[in-house]
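The values are calculated or read from the model by the stated rules, or taken from the named source; none is laboratory data. This is a predicted model, so every value here is computed, not measured. Don't worry about glycine lacking a Cβ; one is built from the backbone with ideal geometry, like all the others, and counts go over all protein chains shown.
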Amino acid sequence: MLVTVEDGRATRLRGNPDHPVTQGFLCAKVSRYLEREYHQDRLMHPLRRIGSKGEGRFERISWDDALDEIASRLKALAAGYGPECIMPYSYAGTMGYLQGESMDRRFFHRLGASRLDRTICATAGAAGLMEAYGARLGTAPQDFVHARYIIAWGANILATNVHLWPFIVEARRCGAKLVVIDPVATKVARLADWHLAPYPGSDLALALGLMHVIFSERLDRCDGDTASLRARACKYPPERVAELTGIAAEDITRLAREYAATRPAVIRANYGLQRSERGGRAMRAIAILPALIGAWKEKGGGFQLTTSGAFDLNKNALARPDLGPPARTLNMSTLGRALTETGNPPVKALVVYNSNPAAIAPNHNLVRHGLAREDLFTVVLEHFQTDTADWADIVLPATTFLEHTDLYFAYGHYYLQLARPAVAPPGECKPNAEVFRLLAARMGFDEPCFRDTDDDMIRQALDTPSPYLEGITLERLEREHFIRLNVPELPFANKLPDLDGGPLDYTPPLESRLGSERKAAYPLELVSSKNHDSLNSTFGFRAETDAQTAILEMHPEDAAPRGIEDGCAVEVFNARGTVRLSARVGAHVRAGVVRAPMVRWARKAADGSNVNVLTADRLTDIGGGPCFYNCMVEVRRCAVSQP
Ligand SMILES: Nc1nc2c(c(=O)[nH]1)N[C@H]1C(S)=C(S)[C@@H](COP(=O)(O)OP(=O)(O)OC[C@H]3O[C@@H](n4cnc5c(=O)[nH]c(N)nc54)[C@H](O)[C@@H]3O)O[C@H]1N2
Ligand SMILES: Nc1nc2c(c(=O)[nH]1)N[C@H]1C(S)=C(S)[C@@H](COP(=O)(O)OP(=O)(O)OC[C@H]3O[C@@H](n4cnc5c(=O)[nH]c(N)nc54)[C@H](O)[C@@H]3O)O[C@H]1N2
Ligand SMILES: [Mo]
């Protein structure tokens, strides 16, 4: 990204035309980041709560007072309950190593705090990929131009991965076919050559059905021993899979034939399909498909879920898990339970940074119950007064990526990137790494690593025997800004996936239309997928974002019997909660499925809630991820229409 700075103020952001993947353009949300950077509501000073919990009343305090208070409260809690009563909570507000997984991790490790299993997004799919290949690598985005058959599977490319699109456009210009597999008729589904809309969470059945056709019609070109996989797949003939997925048997057969016959063929799977109870194993089965048809051997063929395995930096040097005693691990996807169940010890302090769990975590009402506890000491490092910051005892103002140094990883391409601050921090904002450095000193942690500078940590992270990082130094990053990791062009050309380890049998998710926990009272499947114009809850301060994420897309067949018309105010509810949204009636979704874009700031809503009051904190088959998209609801027309 290129930043124009005039008189110390950033005045323009644009993509770097020299970057081989982003090629000079930014996505819709980030292109207007300067609005966020200079927004009047940016937090500028440390704050201490003066109202009751969650009321959102704070007073300005100095950094010294804030840090002293945090250190003394954490010390007292650790002494009284054991340090595991302290819970860090962070995710991908930034994807920088320094502000995301360096001094913060050292601090909590040294303290002996509970560890956090960061599952909220991607661990089910990652576990599936690891079961299949033992590595998180995939086809590079630039190679998609060579593909002639492209499947976007649970991947909303135009909204969440727009930099892949130009490569697909180029491939289609050369004759490639684009198929989209998504229960929602996203913009990319409407622009595709073929859109298949499975029931949410049924992808494992679909993948097994494709294998069935590939094996039974002898379309396979796999060097490995496929006998046991063949035996599993033979239980999934297209007719049975049609019942399980809602996709016609002839379409399943046709998809398998076209996919196996057209070369090169590539699957862009994204994380949409793994936010469901069978999501981990679904990803594993889908990732195996290219190996069955020999797609990995051709440039432009293969599969991409993620490229993150290439970023093989020395994360232990950054995080220093050796600094403290072993400690229990808490799963971030079950935050509500962690805060409300009396663990041993109970969670008594929560330190949140790079995340907004009061908006993004499932089972929101339980999370809220936990955050409301008078005896929970909550610290939030933030840019804005988010839903989570409202529940804090101390709020600390953080710098943005334009204001601090960081080294960035990616999960959709192979470039490691360095960025230096373009502008000075406003007010009293500080980088996360600096806050944890200062806190470590207050706590009396005197290991030299707590005095490491940002550049020291970058050098430590780059110091690894991994061949992917060979020859990549801070000096080179300083000159080149982005450097391709040394990953082979065809990462799995000579590597067979595990073709028979781990079960691959499909039963519908408990909470789905065919699931055993389906309740007649909640007949519709809710998908709360990403909003085109925002980034999780990061742009929740914008009125436009709030309006875009306050809607519910419904099929006319589901709307009509409920007396719901386009634009009607509706209540969406289940046993976990109720949320008010505005209906958009049309062929946006398949019948039986409703969709609400995620995710608004709950406190902006008239009813103080968002779709996560509806989502369950049940976990996926493998990887311990959340099942956001297995969520049964009912919808009714509100008595009074909203303006
Ligand atoms: N504009 C924008 N871009 C973003 C984000 C954002 O919030 N907004 N968030 C970022 C983050 S954190 C992530 S993880 C990525 C996610 O990127 P994606 O995985 O592409 O996004 P999702 O919206 O989670 O899901 C993708 C698609 O999966 C579909 N889907 C849901 N359930 C199923 C299912 O059971 N089977 C199938 N086949 N499809 C299903 C959804 O309808 C959706 O269109 O995007 C990143 N980029
Ligand atoms: N219903 C539903 N819920 C979902 C999902 C869904 O599809 N449906 N998707 C899930 C997924 S995939 C994800 S990844 C999670 C995302 O959940 P989060 O990772 O919590 O993402 P955001 O909501 O964007 O919140 C990130 C926060 O970090 C802050 N931040 C950014 N940079 C910095 C920094 O340098 N320092 C500090 N201190 N703060 C910073 C931002 O201001 C922002 O408030 O949401 C999950 N929740
Ligand atoms: Mo995510």
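Note on region 178-220: among residues that are crowded, with 19+ Cβ neighbours inside 10 Å and among the aromatic types (F, W, Y), the one that is nearest to I168 (Cα to Cα) is Y199. Per the listing P325, P346, P357, P321, the residue uniquely within 16 Å of ligand 1 (Cβ to nearest atom) and touching a helix residue (DSSP H, G or I) at 6+ places or on another chain (Cβ under 9 Å) is P357.
Remark: pairs (first residue in region 381-410, surrounded by fewer than 24 Cβ atoms within 10 Å (Cβ to Cβ); second residue in a helix (DSSP H, G or I) and among the charged types (D, E, K, R); Cβ separation under 7 Å; 6+ apart in sequence or on different chains) = D390/R603; I394/E69; T400/E37; L402/E37; T405/D454. Scanning region 158-170 for residues that are out of contact with any Lys or Arg (no Cβ under 7 Å at 6 or more places or on another chain) and crowded, with 18+ Cβ neighbours inside 10 Å yields N161, V162, H163, F167, I168. Can you tell me which residues in region 372-408 are closer than 19 Å to R118 by Cβ and either of a type in the set (S, T, Y) or in contact with a Lys or Arg (Cβ under 8 Å, 6 or more places away or on another chain) (or both)? Once the filter is applied, which keeps residues that are closer than 19 Å to R118 by Cβ and either of a type in the set (S, T, Y) or in contact with a Lys or Arg (Cβ under 8 Å, 6 or more places away or on another chain) (or both), region 372-408 yields T378, T386, T388, A398, Y408.
Tell me, yes or no, whether region 130-152 has at least one residue that is surrounded by fewer than 20 Cβ atoms within 10 Å (Cβ to Cβ), over 24 Å from the mean Cα position of the chain (by Cα), part of a helix (DSSP H, G or I) and away from ligand 3 (no atom under 16 Å from the Cβ). Among the residues of region 130-152, at least one is surrounded by fewer than 20 Cβ atoms within 10 Å (Cβ to Cβ), over 24 Å from the mean Cα position of the chain (by Cα), part of a helix (DSSP H, G or I) and away from ligand 3 (no atom under 16 Å from the Cβ), which makes the answer yes.
Taking the numbered list (1) at positive phi; (2) loosely packed, with under 15 Cβ neighbours inside 10 Å in turn, T473 passes all entries but (1).
Within region 159-169, one or more residues are touching a Cys at 6+ places or on another chain (Cβ under 6 Å), closer than 20 Å to G412 by Cβ and near ligand 1 (Cβ under 9 Å from one of its atoms). When each of R479, R459 is tested for being exposed (fewer than 14 other Cβ atoms within 10 Å of the Cβ), part of a helix (DSSP H, G or I), without any contact (Cβ under 8 Å) to a residue 24 or more places away in the chain and not assigned by TED's automatic domain parsing to the domain that holds C222, the lone residue that passes is R479.
Just one residue in the set G515, G471 is small (G, A, S) and either part of a helix (DSSP H, G or I) or closer than 23 Å to V21 by Cβ (or both); that residue is G471. For region 235-291, taking the residues that are aliphatic (A, V, I, L, M) and within 16 Å of ligand 3 (Cβ to nearest atom), the one that is surrounded by the fewest Cβ atoms within 10 Å (Cβ to Cβ) is identified as A269. Evaluate region 120-130: report whether one residue or more is more than 14 Å from ligand 1 (Cβ to nearest atom), more than 23 Å from F628 (Cβ to Cβ), without any contact (Cβ under 8 Å) to a residue 40 or more places away in the chain and outside the structural domain of V30 (by TED's automatic domain parsing). No, because not a single residue in region 120-130 is more than 14 Å from ligand 1 (Cβ to nearest atom), more than 23 Å from F628 (Cβ to Cβ), without any contact (Cβ under 8 Å) to a residue 40 or more places away in the chain and outside the structural domain of V30 (by TED's automatic domain parsing). Per the conditions (1) without any contact (Cβ under 8 Å) to a residue 60 or more places away in the chain; (2) in contact with an Asp or Glu (Cβ under 8 Å, 6 or more places away or on another chain), the sole criterion not satisfied by V145 is (1). When residues of region 320-358 are filtered for being under 24 Å from D452 (Cβ atoms), in contact (Cβ under 8 Å) with a residue 12 or more places away in the chain and either charged (D, E, K, R) or away from ligand 2 (no atom under 16 Å from the Cβ) (or both), how many remain? Counting residues in region 320-358 that are under 24 Å from D452 (Cβ atoms), in contact (Cβ under 8 Å) with a residue 12 or more places away in the chain and either charged (D, E, K, R) or away from ligand 2 (no atom under 16 Å from the Cβ) (or both) gives 7.
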